[in-house]
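Notes to accompany the following structure.
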Amino acid sequence: MATIDRNRIAVALLALLALIAVGVVLKNAKGVILPLMIAWLLSYILAPLIRFMNRMRIPTPLATFLVLFLLLGICFLGGVLINARISAFAEQYPKYHARLTEIVSALTRSVKLPSDLFAGVNVGEKVGTFVVRLSGSLMGFVSNLVMVFIFLVFMLLAKPYFRYKIKRAFSPDEADRVSHIIDSISRQIGSYLILQFLISLTTGVLVWLALSLIGVDFAATWGTLAFLLNFIPTVGSIIASLLPILVAAIQFYPDYWPPVMCFICMLTIQMVMGNVVSPKVMGDRLNLSPVVILLSLLFWGWLWGVVGALLSVPIAVAITIVCENVEALHPISIMMGSGKRYQKERK
């Protein structure tokens, strides 16, 4: 028994050391692994489109070129839009900073608080630093697009022939089982990513329309931010809601109705999309424990910054789906899940 216990402790320590080593490699090899991870996730979104073109008798190389050309156009337009939105906000930022200082001073005098109460809290500087860091992260992401496209080309070109290599590498029974597992993983990951993209896009459009009707400045910027941050459950929605509410409060002060309307609209959109539409459309695809979501957000955010935080949940979902379809790893998928489906089964 003592030997078995020592062996288990040794295995646990080796697993911990391996996990630390993987983290160090992922951190130091960010420039290569991050584009590879983005390309891997994009391949699940684009593969169904290429298969559709193949059914239309379009050769795989030509279909891959057309899909990548379309993706490049979307990325270019998205980059121009995001850069224009950030530049517009940066130009108007000094005005909002000065107005925020005036509002804080007026509120301090009206409630007779000490004038130096907020002296050590420079909100404007912190917001400016956040905007600069966010802009830098997005520019870094754009600079990695070349690597992403290179990886994506090879992945998409190799996908149609992967099943034939499996048939050659394994016996017929094993090949069928491996092909079934891989097809199931690919279908579930691709379905999740496509649905999440559509839900995030709908959220961004609704935020843009609502804020435009209220008259909040930079409505398109907040819609774009809501689209991006919607990939981060809970935390992303809170950040995407607080910023436009704060801008509305500064813009319309002392009128409080527009900020209140902004708050109601943002709360309604996030609650409906997050608690009604998403569970209805996604079903059990986002079967993740809140603790797993938080740890994934912290881990990938620490490794790769803002882009890592955006990819944290899709990566966690992909890991869960892989573990769910591999029998030896099935217990891991159960522990990563929310447990709601098992509660329903018990009832």
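The values are calculated or read from the model by the stated rules, or taken from the named source; none is laboratory data. Bear in mind the structure is a predicted one, so any value in this text is a computation, not a measurement. Here the Cβ is made from the backbone with ideal geometry for all residues, glycine too, and neighbour counts use every protein chain on show.
Quick notes on this structure:
- Selection status of ILE50, surrounded by 14 or more Cβ atoms within 10 Å (Cβ to Cβ), in contact with a Ser or Thr (Cβ under 7 Å, 6 or more places away or on another chain), part of a helix (DSSP H, G or I) and not aromatic (Phe, Trp, Tyr): yes
- Exactly one residue out of LYS95, LYS27 is under 30 Å from PHE154 (Cα atoms) and loosely packed, with under 15 Cβ neighbours inside 10 Å, and it is LYS27.
- Taking the criterion of being at pLDDT below 75 and in a helix (DSSP H, G or I), the residues of region 277-289 that qualify are SER278, PRO279, LYS280, VAL281, MET282.
- Residue match in region 223-233 (condition: more than 14 Å from MET273 (Cα to Cα), of a type in the set (Ser, Thr, Tyr) and in contact (Cβ under 8 Å) with a residue 24 or more places away in the chain): yes
- The one condition from (1) in a helix (DSSP H, G or I); (2) under 18 Å from the mean Cα position of the chain (by Cα); (3) touching a residue at least 12 places away in the same chain (Cβ under 8 Å) that ALA248 does not meet is (2).
- Region 209-220, residues that are more than 16 Å from GLY274 (Cβ to Cβ), assigned to a helix (DSSP H, G or I) and in contact with a helix residue (DSSP H, G or I) (Cβ under 7 Å, 6 or more places away or on another chain): LEU211, SER212, ILE214, ALA219, ALA220
- Residue count for region 158-181, restricted to those that are in a helix (DSSP H, G or I) and either touching a strand residue (DSSP E or B) at 6+ places or on another chain (Cβ under 8 Å) or farther than 20 Å from ALA47 by Cα (or both): 9
Every residue, every condition in (1) closer than 25 Å to LEU298 by Cβ; (2) under 14 Å from the mean Cα position of the chain (by Cα); (3) assigned to a helix (DSSP H, G or I), yes or no:
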| position | (1), (2), (3) |
| --- | --- |
| ILE199 | yes, yes, yes |
| THR203 | yes, yes, yes |
| VAL207 | no, no, yes |
| TRP222 | no, no, yes |
| PHE227 | yes, yes, yes |
| PHE231 | yes, yes, no |
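- Residue in region 15-26 that is under 29 Å from ALA226 (Cα atoms) and either touching a residue at least 24 places away in the same chain (Cβ under 8 Å) or over 20 Å from the mean Cα position of the chain (by Cα) (or both) present: yes
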